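Written out below as structure tokens is the structure these notes cover.
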Amino acid sequence: MKQWLSAILLPIVLMQAPVFAQTKSPSAVNEQIPAKQVITPTPKPAVPNLVPLKGTEQMRLQLVNCGGWLDCALARLLLHPSAYIDRRELWFDNSTQVPVSILNTAIVVEGDFTGYQLNNQAIFLAEGIKTLPANQIVSIPLILKRSAIPPDRYSGAIYLTLQNRSDRFSLPVNLSVRSGPLLPLLVLFFGVILGRLFKYMQERGEPQAKALEEIYRLEADIASAKLEDRNKQLLADMVNEVRTLVVREQLDTVSTQVQTIRDRLETLVKLQALEDRLNEQATTFPTDVDEYTLKISKARQYIAQKEDAKAKELLEKISSDLDSVGARAGGDSGIEAYKRSLEEIVTATNRINQPIKEKITPSSLAKFQQFLINLSGVSDRVRAEATFWVVRPLLSLILLVGLSAAGISSLYIENGTTFGARPFADYLGLILWGLSADVASRSLSNLPGAKQ
């Protein structure tokens with residue numbers, strides 16, 4: 001019976017063990033099993049694709065640094081309007097679908113000639129633009145303070161630091177800045193006028209200066225000569241007449257008249273010496289000395305009055321009288337000495353060559369021109385006054401303006417994009433150009449038919 005009962009209960013016990021193993025305790029049932037978290041990947045931000053518009057990949061400008069209303073007015077007259085702009089638009093294409101944020105900007109520009117670096121007061125980007133709209137063409141104003149940019153050729157770049165972009169965006173910059181045209185124009189005027197003065201000195205001033213030099217030497221010789229003061233004053237008056245001709249540039253007869261006065265000076269000096277010798281030897285002279293001294297004084301008077309022919313005639317008469325006295329005195333050596341002195345005086349008198357004005361007979365063409373002038377009612381005086389007061393100054397002014405315009409066009413407008421960066425060389429070039437402009441004016445005046 002016990003064996004039979006154990007055989008029945010043992011299977012029942014073995015069948016309940018798995019059931020108890022699968023049954024959860026109340027505490028385990030109450031515990032919550034944590035749920036699995038699902039992580040959604042974050043999208044990668046778009047890289048900005050900002051590019052400059054075609055034709056604006058590099059900024060090239062030619063500016064002028066002018067100061068004052070007159071300087072700037074001349075700049076506007078002579079140069080293209082692009083030379084005096086104060087603002088330049090930088091155009092960009094933002095082809096991305098998101099706005100582009102500008103984190104930082106920098107402009108680094110340096111002069112090629114001077115090494116001068118422009119600061120943020122001379123060139124800078126307009127403030128307030130921090131974001132560029134998506135998928136649009138936008139512009140960023142670049143402000144240029146031309147008065148703060150010295151003349152030079154500048155090169156550098158504009159740098160933009162964009163959000164979500166590792167490398168910096170750069171835009172090359174090339175600036176050529178020149179000084180205002182007022183001072184170069186004045187320097188060029190000075191050079192042209194200086195060139196005209198050189199031409200005047202070469203063609204007219206040099207002969208005039210040489211003639212004045214001869215007059216100064218003659219005045220010095222007269223001042224040191226052993227003559228009476230009244231004779232010196234007479235010769236000085238003659239010299240003043242010649243000086244007037246030199247001042248009026250009537251130089252054709254100046255050399256001849258200077259030589260004539262010099263010969264008169266020599267004659268007067270020798271006559272003075274002869275008279276002094278006669279007075280010293282009055283007691284030993286074979287005849288009356290007063291007669292000869294009177295004739296010598298008369299000859300000096302003729303010479304002082306420019307009556308050289310009468311003086312020569314009187315001196316020849318004195319020589320003849322001395323021959324007679326010498327014959328009566330039996331060949332006195334003193335008389336022979338006087339004769340030799342008198343012969344020297346006559347020789348000096350013969351050299352006196354007064355300029356003779358030749359009578360010029362007008363040609364048929366000149367007569368016909370004069371007839372037309374008389375017929376038109378315009379007198380020679382009116383024509384001369386008009387030429388002196390109107391035509392000649394007007395032509396000189398036109399020539400000055402024309403040469404200056406040619407020089408400023410060649411050296412400043414066309415080839416002077418950085419004029420003033422090297423002041424000494426630039427302004428010296430203007431002066432030398434003005435000096436050489438005389439060659440052009442002389443070539444124009446020497447054209448065939450210009451002197452007819």
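The values are calculated or read from the model by the stated rules, or taken from the named source; none is laboratory data. All of these numbers come straight from a predicted model, not from anything done at the bench. Cβ sites come from the backbone with ideal geometry, for glycine too, and all protein chains shown count toward neighbours.
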- [ ] Collect the residues in the range 106-125 that are surrounded by 17 or more Cβ atoms within 10 Å (Cβ to Cβ) and out of contact with any helix residue (DSSP H, G or I) (no Cβ under 9 Å at 6 or more places or on another chain), keeping them in residue-number order.
- [x] ILE107, VAL109, GLY111, TYR116, PHE124, LEU125
TODO: Might you let me know whether the range 238-250 holds any residue that is closer than 15 Å to ILE303 by Cα and modelled with pLDDT of 90 or more?
DONE: yes
TODO: Could you list, in sequence order, all residues of the range 177-189 that are touching a Cys at 6+ places or on another chain (Cβ under 9 Å) and surrounded by fewer than 19 Cβ atoms within 10 Å (Cβ to Cβ)?
DONE: LEU182
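Taking the options LEU70, LEU79, name whichever one is closer than 21 Å to SER176 by Cβ, among the hydrophobic types (A, V, I, L, M, F, W, C), at pLDDT 90 or above and surrounded by 10 or more Cβ atoms within 10 Å (Cβ to Cβ).
Residue meeting the stated conditions: LEU79.
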TODO: From ASN174, ASN164, grab the single residue that is under 17 Å from PRO52 (Cα atoms), surrounded by 13 or more Cβ atoms within 10 Å (Cβ to Cβ) and not hydroxyl-bearing (Ser, Thr, Tyr).
DONE: ASN174
Open item on the list: List pairs: first residue in the range 421-433 and in the same structural domain as ILE193 (by TED's automatic domain parsing), second residue among the acidic types (Asp, Glu) anywhere in the structure, Cβ distance under 8 angstrom, at least six positions apart or on different chains.
Closed with: ALA421/ASP152
Open item on the list: Consider the range 97-138. How many of its residues are of a type in the set (D, E, K, R) and closer than 19 Å to THR161 by Cβ?
Closed with: 2
Task: Count of the range 219-255 residues which are exposed (fewer than 14 other Cβ atoms within 10 Å of the Cβ), of a type in the set (Asp, Glu) and not in a loop (DSSP other than H, G, I, E, B) - done: 3
Open item on the list: Given the criterion outside the structural domain of VAL242 (by TED's automatic domain parsing) and surrounded by 14 or more Cβ atoms within 10 Å (Cβ to Cβ), identify the matching residue among GLY128, GLY156.
Closed with: GLY156
Task: Tabulated pairs, the range 78-92, first under 21 Å from ALA157 (Cβ atoms), second polar (S, T, N, Q), C-beta under 6 angstrom, 6+ apart or interchain - done: GLU89/SER139; TRP91/THR56; TRP91/SER139
Open item on the list: For the range 383-415, which positions are in contact (Cβ under 8 Å) with a residue 60 or more places away in the chain and β-branched (Val, Ile, Thr)?
Closed with: ILE408, ILE413
